[in-house]
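Some notes on the structure that comes next.
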Amino acid sequence: MYWFIGLIAVVALGVNSWWRRSIARNYRELIAEIVEKRSGAVKDVYVAARKRKKYANNRDWDSEVNVLWTTDEGFPMDFSYTRKRENAENIKFTLKSVIQDGSGNVYLQGLDRSSKEERAIDITTLASHLKLPMYKVVPLDELMETVCGLRLHYN
């Protein structure tokens, strides 16, 4: 009886391992495709620092908004996001574009995967590490440079 339970556990672990490798392979292909489309160029972006720790910077949508990076495919990622006076919220997000307003605030624009709601999230309110759907944790700066070709510098 125990050997039967052990056999089922080994098969389940094997399927799980194959499934994770498949997700990772698809993710690497998506990253390679996005990098190829942007021609490998890296742009320096200067991000306005948060004025107050508990609050996000005010959005300056009245001035001209500069689109730093955009994609049609979308780039799925998970991260922790802190709103004003609230606990951190875990968000499953599909990144569509990165924009910068006239005040130097940088925002990630895309869709919330759970509610399909379009959102613009201040980059300074994100956790410093993001989780990719292939269960890999990546620093925010490294992800922005690799995928979007944006090297972030905080003022």
Residue selected from the range 112-155 under the condition of a type in the set (S, T, N, Q) and open to solvent by 40 Å² or more (accessible area, probe 1.4 Å), by the criterion nearest to residue 45 (Cα to Cα): 155
Which pairs have Cβ atoms under 7 Å, sit 6 or more apart or on different chains, and link a residue in the range 96-111 that is touching a residue at least 60 places away in the same chain (Cβ under 8 Å) to one that is open to solvent by less than 10 Å² (accessible area, probe 1.4 Å)? 106/45; 106/47; 106/98; 106/123
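The values are calculated or read from the model by the stated rules, or taken from the named source; none is laboratory data. Remember, predicted model here, so these are calculated numbers, not experimental data. Note that we place each Cβ from the backbone using ideal geometry, even for glycine, and neighbour counts take in every protein chain shown. Only protein heavy atoms, including side chains, enter the accessible area calculation; ligands, DNA and RNA are left aside. Shrake-Rupley method; radii C 1.70, N 1.55, O 1.52, S 1.80 Å.
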